[in-house]
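S.K.: Once you've had a glance at the structure underneath, I'll fire off some questions.
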Protein chains: 2
Amino acid sequence: MSKNIALILAAGIGSRMNNDTPKQFMLIDGKPLLFYSLSTFNNHDQIDEIYVVTNIENLSTVRGIIRDNNLKKVRDIIIGGKTRQESVYNGLKGIPNVSLEDIILIHDSARPLVTKEIIDRNIDACLTYNAVNTVIPVTDSLIESEGNESVDRNKVLAVQTPQTFRYDLILKAHEEALKENITNAGDDASLVSRLNVNIKQVQGNKLNFKVTTMEDLIILKAILER
Amino acid sequence: MSKNIALILAAGIGSRMNNDTPKQFMLIDGKPLLFYSLSTFNNHDQIDEIYVVTNIENLSTVRGIIRDNNLKKVRDIIIGGKTRQESVYNGLKGIPNVSLEDIILIHDSARPLVTKEIIDRNIDACLTYNAVNTVIPVTDSLIESEGNESVDRNKVLAVQTPQTFRYDLILKAHEEALKENITNAGDDASLVSRLNVNIKQVQGNKLNFKVTTMEDLIILKAILER
């Protein structure tokens, strides 16, 4: 019986926000941003274990969040790397007693409003398809930044997290990427797709947006305070 | 001296929302969605006149919104067409006493949180460049919907409204499009770009999002009730 293991990424430095506090630790409605996704995974009855990836500088902050909020499924904190890709790879290698067929849900803590339903869909699809991406349609018109040329938004999807894979598959994807000197992938499905593996798409949710700008923080605070 | 004229589009039928009330008339925090953008344009000191484009079925609803909220800059309601493009064209032709050099700001009422600053930027840029598009960076990773192939989000921008043009230019863009049997443009800058005119990009704002799904309504309500 495979386990469902969540790898929560909280190693970002938030350089886009001009703020001393990395965004995953900003207090929103009294709780650090990281708390929200962590809590949703912790409360999901199909999630067996959680590992949080963070920087060495933030180790005690993350430890405090886990302890203060009684997040019992968090088994360990793993030290991340210089890039998102390296952080995920460190996370994958840092999970103890993992089986090749275990299901790994990789989630950015900057998406605090992930839902139980999105996690359900990821796990269900991964049992059959071994590789899952969470996507939503693009509702704005798109143009190329150089030259105002239109891009057909119906041929494009926006990628969210979690992205979910059998352990052996995602580990192989990372190792192949490193062999080919790919070191700065923005997400994990893009690495798995390089193996010519079919990736099942499941539906995300606009509320599962990534907190990137100050406007996102305004939106998030409004939703959480409601 | 050119006038600054806002053309507010409220002719959509909201087919994506499975709701009997078209979204521009849904009540959010006690006011119809259309009210919010209309009010922002009405209160902007550089906007001289406003025209609302809607369907014949909604004429009295729109009339009521304008009267009840004392939106004094609204000069008339113009009946739209079967498509967004046709509605804009009807709107352009329905503006009385317009001069060729007047500045026309075309805005989707489904973007209720347009700001004074975005309108400022549109007018300022149009005085110099004659054609203006409101854009924001894309923060999610993008993939092609068929095949999980990555699309470089740094080469793509998301388009918002208002889009702003000298009257002669936008009228010509619409007439050229019709000659070429283009009838279903999703926005107006895409028609102007066909004339090989340089379009100035100004910065939008994530809060100026388009209300498309029920999740967008949840986000909007949270922000407005705050």
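S.K.: If we hang a label 7 Å off Cα along the beta carbon direction at A:Arg63, how far is it from the matching labels on the other copies, in nm, shortest first?
M.R.: Nearest to farthest, the other copies are at 7.2 nm.
S.K.: Identify the residue of chain B whose Cβ lies closest to the rotation axis that maps chain B onto chain A, and give that distance in whole Å.
M.R.: Taking Cβ atoms only, the nearest residue and its distance are B:Ala222, 2.
S.K.: Next question. Can you sort B:Thr83, B:Thr212, B:Thr164 so the residue with the fewest Cβ neighbours within 10 Å comes first? It would help to have the intermediate numbers written out before the result.
M.R.: On the way: B:Thr83 14, B:Thr212 17, B:Thr164 34.
Lowest to highest Cβ neighbour count: B:Thr83, B:Thr212, B:Thr164.
S.K.: Expressed in nm to one decimal, what extension gain is obtained for the pair A:Asp48 and A:Lys155 from 0.36 nm per residue of sequence separation less their Cα-Cα distance?
M.R.: Values: separation 107, 0.36 × 107 = 38.52 nm, distance 3.62 nm.
Additional length available on full extension: 34.9 nm.
S.K.: In addition: At what distance in nm do the modelled label points of B:Asp29 and B:Met1 sit from each other, each positioned 7 Å from its Cα along Cα→Cβ?
M.R.: 3.4 nm
S.K.: While we're here: Can you give the Rg/Rh ratio of chain B, where Rg is from the C-alpha atoms and Rh is the Kirkwood radius? List each step's numbers first, then the result.
M.R.: Working: Rg = 17.1 Å, Rh = 18.0 Å.
Answer for chain B: 0.95.
S.K.: Considering only lysines 8 or more places apart in sequence, or on different chains, count the pairs in region B:80-226 whose C-alpha atoms sit under 22 Å apart.
M.R.: 17
S.K.: In deg cm²/dmol and to the nearest 500, what is the mean residue ellipticity at 222 nm of chain A if only DSSP H runs of at least 4 residues count, each as -39500 (n - 2.57), divided by the residue total?
M.R.: Numbers: 7 runs with 75 residues, N = 226.
Estimated from H runs of four or more residues: -10000 deg cm²/dmol.
S.K.: Under a Cβ-only charge scheme (Lys and Arg +1, Asp and Glu -1), can you give me the dipole magnitude of the protein assembly as shown about the Cα centre, in debye to the nearest 20? Mind showing how you got there, number by number?
M.R.: On the way: 52 positive and 58 negative charges, 146 e Å.
It works out to roughly 700 debye.
S.K.: Let me ask another. Place the label 7 angstrom along Cα→C-beta at A:Asp45 and in each other copy, then list the distances from the first to the rest in nm, shortest first.
M.R.: Going from nearest to farthest copy, the values are 6.1 nm.
S.K.: Relative to the other copies, what are the label-point distances for B:Glu176, with labels 7 Å from Cα along the C-beta vector, expressed in nm at one decimal and sorted shortest first?
M.R.: Here the equivalent label points are 4.6 nm apart from this one.
S.K.: Based only on the alpha carbon positions, what is the Kirkwood hydrodynamic radius of the protein assembly as shown, in angstrom?
M.R.: 23.6 Å
No value in this document is a laboratory result; all are computed from the given coordinates. The model shown is predicted, which means the values in this text are computed figures rather than measured ones. Note: ideal-geometry Cβ built from the backbone for every residue, glycine included; neighbour counts use all protein chains shown.
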